[in-house]
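Read through the structure below, which is laid out as structure tokens, and then see the notes.
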Amino acid sequence: MKEELGQKINEIRNAKGMTLKDVSEKTGLSVGFLSQVERGLTSIAILSLKSIAEALDTDLSEFFAPPKKNRSLVLRSFEQDHFQYENNDYILSNLSGSMEDRIIEAMLVTILPGDEKTAPAKSPHDGEEFIYVLEGILTLCYKDDEYDMYPGDSAHYKANEPHTWRNRTNKLVKLLSINTPVIF
């Protein structure tokens, strides 16, 4: 997966006419590190990947998306893009189609059991999030509070406050996540 990710970053960077030095200056990441990422020789943290996406003025999801094809209004289950960040127990399935200029992103999130040690830090970002628990017991950590959520429970909150999701059980947790603006 590192090779495919690096290749996609390289393709987007070249399509925008940017050099590694240009991206380095915008992200604070070294040219050497960026070169290793593009060649698939090293792993990259999600925050660094997000910085690269911002420097390239592209959505983070573009790094994981297969080549664009003309999709109809309906996104079939076999057309959904699935990805998992390295060292992370979240599996993300993009439920949003390829509509241009969309303002929401819908994701099916599967959190593997017992992610306490690998759950992402509470990371604020712009916009709003709506989540709906489909399966399992989700722990929503929002600001300094924690909420155990069960199937059928939902939450809608400002995403600019520290927040994260955790699965402290030995079973899968599945939830529908709808974000605005598009962040994945």
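The table below lists the values:
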quantity	calculated
Pair list, Cβ < 6 Å and 6+ apart or interchain, from the stretch 26-40 residues that are at positive phi to residues that are charged (D, E, K, R) and surrounded by 15 or more Cβ atoms within 10 Å (Cβ to Cβ)	Gly40/Lys2
Residue count for the stretch 149-159, restricted to those that are closer than 17 Å to Lys174 by Cβ and surrounded by fewer than 13 Cβ atoms within 10 Å (Cβ to Cβ)	3
Residue among Asp101, Asp59 that is modelled with pLDDT under 85, assigned by TED's automatic domain parsing to the domain that holds Leu140 and of a type in the set (Asp, Glu)	Asp101
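The values are calculated or read from the model by the stated rules, or taken from the named source; none is laboratory data. Treat the numbers as computed from the prediction; the structure is a model and nothing was measured. Here the Cβ is made from the backbone with ideal geometry for all residues, glycine too, and neighbour counts use every protein chain on show.
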